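Engineer: Here it is, the structure, as structure tokens.
Values in this text are rule-based calculations from the coordinates and carry no lab data. Model, not experiment: these values are computed from the prediction. Don't worry about glycine lacking a Cβ; one is built from the backbone with ideal geometry, like all the others, and counts go over all protein chains shown.
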Amino acid sequence: MGLAVAQMGAVNLADSRAAVVRRLVEMMREAAARQAEFVVFPELALTTFFPRYWMDDAEAVERYFEKSMPNADVQPLFDTARELGIGFYLGYAELTPQGRQFNTAILVDRSAKIIGKYRKIHLPGHSDHKPDAPFQHLEKKFFEVGDLGFGVWETNDVKIGMCLCNDRRWPETYRVMSLQSAELIVLGYNTPSLNIHWNEPAHLRTTTHEIVLQASAYQNAVWIGAAAKCGFEDGHHMIGSSMIVAPSGEIVARASGEEDEVITARIDLALGQTFRDHVFNFAKHRSPHHYKLIVERTGAGDPLPRPDAD
Ligand code: CDT
């Protein structure tokens, strides 16, 4: 399969949706010209990473949320996908008809039909105003925890799962999808270079990003395509390092800068099957009865009583 990851440089407050969609269309055309059949775009790809700004929900909804998908601004992306016969993943802020707010990603097939939806489950940050912080991370204010679980959809003979940004740091994310036979997991991210919660050395932001993608691809025998929105958005820097990772844990393509950039790879789905047949043959080697705490506990608690050994 030809896979493309379309990294985006900054989307500033002054940038219109139409201008952003023109950038996405241009990258989709480049991906198709490079024989990609599917392209991964970032989280909240249509706007700046607005959870960094304190505002009330009404203002956020008015400025940053999509009330329908596709809508007139985004329609050119769907039209181009249909014209080129290319599928895509796109992250955006979703306002439902009932007025609920989610950080959402959609899976669109080669005929430009939305076949899957994911609503972000691991929401980082806070919901209160932190006036002393250099910026906010208000995902817990602007979004509800996703209510759709981690799904896997088959399109063009490939089983694809979706998640968003902070989800990539949690092993449960991948396992739930690999247990549904996902072959490829796609995700978009906006990762600020500064962590407002603790004094994290800047280089760790990229190091931990690489670690989780490489380990998770290997442990779950999946390909991963991860697309950043990065660079300086109105002075706020976010990491790049968009990448495609193989089930071997190897990075096979990586963005080199912090601008709009398309990376591509021909991904061999049989490679994932090789790992699933041997070291990660789940049916043969897993012992779910020993993993019960994973679904019984949210936070860490006391050690369990130990069974007696013979
Ligand atoms: N967008 C997103 O989920 N970003 C987080 C930043 C966490 S720091 C509050 C991430 O995991 O990259």
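Engineer: Counting other beta carbons within 10 Å of each residue's own, what order do Lys229, Lys159 fall into, fewest first?
Structural biologist: Lys159, Lys229
Engineer: Further question: Under the Karplus relation 6.51 cos²θ - 1.76 cosθ + 1.60, θ = phi - 60°, what is the ordered set of whole-Hz ³J(HN,Hα) values for the range 112-122, x standing for Gly and Pro?
Structural biologist: Coupling constants for the range 112-122: 6, 9, 6, 10, x, 9, 10, 10, 3, 9, 8 Hz.
Engineer: Right, here's the next one. Determine the principal axes of the Cα atoms in the range 46-191, then give the extent along each, sorted from largest to smallest and rounded to whole angstroms.
Structural biologist: Largest to smallest, the principal-axis extents are 50, 37, 28 Å.
Engineer: Right, something else. Divide by every residue of the chain the summed helix terms, -39500 (n - 2.57) for each DSSP H run of at least 4, and state the resulting mean residue ellipticity at 222 nm, rounded to the nearest 500 deg cm²/dmol. Display every interim value, and only then the final one.
Structural biologist: Working: 9 runs with 83 residues, N = 310.
Result for the chain, helices only: -7500 deg cm²/dmol.
Engineer: Mind running the shape call on the range 209-310? Use the C-alpha gyration tensor, a ≥ b ≥ c as the square roots of the eigenvalues: rounded below 1.5 for a/c, prolate if a/b tops b/c, oblate otherwise.
Structural biologist: oblate
Engineer: Based only on Cα atoms, what mean projected area does the convex hull of the range 149-195 have, in nm²?
Structural biologist: That works out to 3.7 nm².
Engineer: Sort out for me the Cα centre separation of the range 85-119 from the range 251-310, rounded to whole Å.
Structural biologist: Between the Cα centre of the range 85-119 and that of the range 251-310, the gap is 25 Å.
Engineer: Can you tell me the order of 76-88, 53-65, 196-208, 233-245 when each peptide is scored by its average per-residue count of other Cβ atoms within 10 angstrom, highest first?
Structural biologist: Numbers: 76-88: 19.2, 53-65: 15.4, 196-208: 11.8, 233-245: 21.4.
For the peptides 76-88, 53-65, 196-208, 233-245, the packing ranking is 233-245, 76-88, 53-65, 196-208.
Engineer: Let me ask something else. When you count, for each residue, the other Cβ atoms within 10 Å and take the mean per peptide, how do 34-46, 165-177, 141-153, 298-310 rank with the highest first?
Structural biologist: 34-46, 165-177, 141-153, 298-310
Engineer: Right, next: Take the residue pairs Lys67/Lys140; Lys67/Lys130; Lys141/Lys292 and return only those whose Cα atoms are more than 25 Å apart.
Structural biologist: In this structure, Lys67/Lys130; Lys141/Lys292 lie more than 25 Å apart at Cα.
Engineer: Tell me the relative contact order for the chain as a rounded percent, counting alpha carbon contacts under 8 Å between residues six or more apart.
Structural biologist: Across the chain, relative contact order equals 20 percent.
Engineer: For the chain, compute Rh as the Kirkwood radius over C-alpha pairs and then the Stokes-Einstein diffusion coefficient at 4 °C and 1.567 mPa s; write the answer in µm²/s, rounded to an integer.
Structural biologist: This corresponds to a translational diffusion coefficient of 65 µm²/s.
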